[in-house]
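See below for the structure under consideration.
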Amino acid sequence: MLGAVEQAMREHSAGSYEMHPKIGVHPTGTDPDNFIHAMPAYLKQLGACGLKWVGGFAKNPPLGLPNVTGIQICNDVDTGIPLAVMDCAYLTGLRTAAVSTVIARRCARADASELALLGCGFQGGMHLRFLLHALPAIQRVRLYDVRPGAVADLAARCRESNGFTGELLPCDSARAALEGAQVISTCTNGDEQIIRPEWFQAGTFGVGIEGGCAYTAGALHQADKFIVDDIPLAEYFQKISLGRKNDRGEDNPEFAGGIPPVHSTIGDIVAGKKSARDNDAERIIAIPIGMAICDIALGHLTLARAREKGDRYARHQGNPQTSHPRPRPRERRRADLPADVSSDHSRGTGIRAPQAPLDSWMNSPWGSTVKTSPPDWSEINPLPKDFTRAESEPIFTRSIRFRACKTASV
Ligand SMILES: NC(=O)c1ccc[n+]([C@@H]2O[C@H](COP(=O)([O-])OP(=O)(O)OC[C@H]3O[C@@H](n4cnc5c(N)ncnc54)[C@H](O)[C@@H]3O)[C@@H](O)[C@H]2O)c1
């Protein structure tokens, strides 16, 4: 997984990708910060493309629902055909923690033994798992969250599943958590500038996934090296966050005091074009806003793994019907495509192939798992018999507060 993210980072550095600053909608009925983003991406060298459609609704967790949810589509790069639709909530957790880890293992001091984790929700758990794996010198973790029970919950899970034998220290303030930390990971909801300059000691590495929102201007701008995943993304998020307020009415821009001078992108460091840590005293901060190319790379990796497992299972069951060999996208040749989809309209020949007859597509390796008859939605999701239009109305008449939204990054 870290390898797939590193490959995406190298492609970012090489410029062999297509990606756009996230566009989105903001259904602000329950919270002005709610968002759903469309994140398409194409990676040329990896031969992967697709779209993530992901929402962040920070008021969900008290309802027993996840903050971040969504789906992801993987498309075939030669035909455009959707190959898979998958959940992207778990994948986003893996991708975000993997990105933080890829940069942490290059920028944290090799002897860093203390980690502070602020925000012990879903992403906090993922980050703890990945960072402990990648930074084996860590012996003490200080945990802090404003939500009662979150720290104890995560500590228990970490002992159980990570096999971490070091110390896990619950802290009752952010300041206590940061004391002595050489690595700081922030996974909060980003509506509070927590980290003050004097709490971020020389030699520390900090990675924040809530934009730069967890840092005060002083802390952010004292960094010797400031790193982002993508400069246009950082600039876009800074621009749309100007004028944004948090729940207490305080200014809450993506980067307090503006975006500090960028030393490098993560991709350029992974590709060896820019240095990571040059000495033990540097303060380094990395803010990955969240790149679709990483999601799409991991989505295709997941699809490849699922196919391998499915094929192994089918072989085990002695069922050749479901076990057709599927070439990996880069190995697939145009000649392998069904005749009626093989003419190339992506290279501007101007000749569009006739619409592939559904039957031939269904019988091809790409279509064979698709049901031919459309589902009966009324059976799958029946409406209550006494449903009236009036019951649906509150959904549409809910008042919308127009104010700058915290289009948090995912
Ligand atoms: N950069 C990216 O690529 C990326 C990807 C996914 C999610 N995110 C962002 O990461 C954040 C966390 O996502 P999640 O799915 O873990 O949400 P979550 O709701 O599961 O967890 C957030 C946790 O932060 C805690 N918290 C809030 N304010 C805090 C504060 N001031 N101090 C300490 N703890 C605080 C909350 O109590 C909660 O436990 C969100 O802001 C989300 O938008 C970023």
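The values are calculated or read from the model by the stated rules, or taken from the named source; none is laboratory data. These numbers were taken from a predicted model, which means no experiment stands behind them. Using ideal geometry, Cβ is built from the backbone for each residue, glycine included, and neighbour counts are taken over all protein chains shown.
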Complete set of residues in the range 80-98 that are within 11 Å of the ligand (Cβ to nearest atom) and touching a residue at least 40 places away in the same chain (Cβ under 8 Å): C88, L91, T92, L94, R95, T96, A98
Members of the range 138-160 found to be part of a loop (DSSP other than H, G, I, E, B) and under 11 Å from V183 (Cα atoms), listed by number: I138
The listed residue being within 14 Å of the ligand (Cβ to nearest atom), within 20 Å of the chain's Cα centre (by Cα) and of a type in the set (S, T, Y), out of Y215, Y236: Y236
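Condition check ((1) surrounded by 17 or more Cβ atoms within 10 Å (Cβ to Cβ); (2) over 23 Å from the mean Cα position of the chain (by Cα); (3) farther than 22 Å from P61 by Cα; (4) among the aliphatic types (A, V, I, L, M)) across all residues:
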| position | (1), (2), (3), (4) |
| --- | --- |
| P148 | no, yes, no, no |
| C158 | yes, no, no, no |
| A181 | yes, yes, yes, yes |
| C187 | yes, no, no, no |
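Here's a check for you: in the range 20-45, which residue that is in contact with a helix residue (DSSP H, G or I) (Cβ under 6 Å, 6 or more places away or on another chain) and buried (at least 22 other Cβ atoms within 10 Å of the Cβ) is farthest from R244 (Cα to Cα)?
Taking the candidates together, the pick is L43.
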Any hit, the range 276-285, residues being within 16 Å of the ligand (Cβ to nearest atom) and buried (at least 17 other Cβ atoms within 10 Å of the Cβ): yes
Meets criteria (in a helix (DSSP H, G or I) and under 25 Å from S113 (Cα atoms)) for L233: no
Inter-residue pairs, beta-carbon under 8 Å, first over 24 Å from I194 (Cα atoms) and in the range 146-160, second in a helix (DSSP H, G or I) and within 12 Å of the ligand (Cβ to nearest atom), 6+ apart: R157/G125; C158/G125; C158/L128
Qualifying residue in the range 195-205 (condition: in a helix (DSSP H, G or I) and in contact with a Lys or Arg (Cβ under 7 Å, 6 or more places away or on another chain)): yes
Top-ranked residue of the range 239-278 - restricted to ones that are more than 22 Å from the chain's Cα centre (by Cα) and outside any loop (DSSP other than H, G, I, E, B), ranked as nearest to G206 (Cα to Cα): D251
Top-ranked residue of the range 189-206 - restricted to ones that are more than 20 Å from D111 (Cβ to Cβ) and hydrophobic (A, V, I, L, M, F, W, C), ranked as farthest from the chain's Cα centre (by Cα): W199
Criterion: among the aromatic types (F, W, Y) and at pLDDT below 95 - qualifying residue of F164, F205, F226, F255: F164
Set H133, H127: member being under 30 Å from A276 (Cβ atoms), at pLDDT below 95 and either more than 16 Å from the chain's Cα centre (by Cα) or crowded, with 22+ Cβ neighbours inside 10 Å (or both): H133
Criterion: of a type in the set (F, W, Y), assigned to a loop (DSSP other than H, G, I, E, B) and either touching a residue at least 24 places away in the same chain (Cβ under 8 Å) or more than 9 Å from the ligand (Cβ to nearest atom) (or both) - qualifying residue of F130, F164: F164
Within the range 223-239, considering residues that are in contact with an Asp or Glu (Cβ under 8 Å, 6 or more places away or on another chain) and surrounded by fewer than 22 Cβ atoms within 10 Å (Cβ to Cβ), the one nearest to T96 (Cα to Cα): Q238
Which numbered condition A174 misses (of (1) at pLDDT below 95; (2) within 12 Å of the ligand (Cβ to nearest atom)): (1)
Residue, farthest from the ligand (Cβ to nearest atom), within the range 99-125, restricted to residues that are touching a residue at least 60 places away in the same chain (Cβ under 8 Å) and within 18 Å of A4 (Cα to Cα): R106
